[in-house]
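J.: For reference, the structure I am asking about is given below.
The values are calculated or read from the model by the stated rules, or taken from the named source; none is laboratory data. None of the values given here were measured: they were computed from a predicted structure. Here the Cβ positions follow ideal geometry from the backbone for every residue, glycine too, while neighbour counts run over all protein chains shown. These accessible areas exclude ligands, DNA and RNA; they are computed on the full protein's heavy atoms, side chains included. Shrake-Rupley method; radii C 1.70, N 1.55, O 1.52, S 1.80 Å.
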Amino acid sequence: MASIAASSSTYLQARPRQLAFAANQVKCFSYGRRTNLSFNLRQLPTRFSVSCAAKPETVEKVCAVVRKQLSLKEEDEVTAATKFLALGADSLDTVEIVMGLEEEFGIEMAEEKAQSIATVEQAAELIEELLLEKAK
């Protein structure tokens, strides 16, 4: 998941939550067969942010349903980006989560759409979409 992009300065990026550094003023010194490469590192500001199209209230309700269905403890973190698999949910648990969401929001999800849900964010966005359709 690391990437390197070359331009006037070289940017090295690692996995999320790790620091990104820019290598400026790259210097190379050669002494016979040996080559010494040196460069200065400076910390770059974080440019990565996650945004969810669903309302925060919807995301909170989905998180509550997921917590309840998977019997999670309060200290277990559930956010919009949380994947059901990361919480230890198998396919049966995912079906139970979908059923709990249908009951909580008073909607019905098509099986094809329900199978595509892998994160809290995807579930919240699908619910928002279905609630809009229901309101029409």
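J.: So which residues in the stretch 63-94 are surrounded by 14 or more Cβ atoms within 10 Å (Cβ to Cβ) and without any contact (Cβ under 8 Å) to a residue 12 or more places away in the chain, if there are any at all?
T.: Selection gives Arg67 alone.
J.: Cβ contacts < 6 Å: first residue modelled with pLDDT of 90 or more, restricted to the stretch 103-121; second residue of a type in the set (Gly, Ala, Ser), any location; separation 6+ or different chain. Result?
T.: Taking only residues 6 or more apart or on different chains, the pairs are Ile117/Ala123; Val120/Ala80; Glu121/Ala80.
J.: Could we say that Arg47 is in contact with a strand residue (DSSP E or B) (Cβ under 6 Å, 6 or more places away or on another chain), open to solvent by 60 Å² or more (accessible area, probe 1.4 Å) and at pLDDT below 95 here?
T.: Spelling it out, it is not the case that Arg47 is in contact with a strand residue (DSSP E or B) (Cβ under 6 Å, 6 or more places away or on another chain), open to solvent by 60 Å² or more (accessible area, probe 1.4 Å) and at pLDDT below 95.
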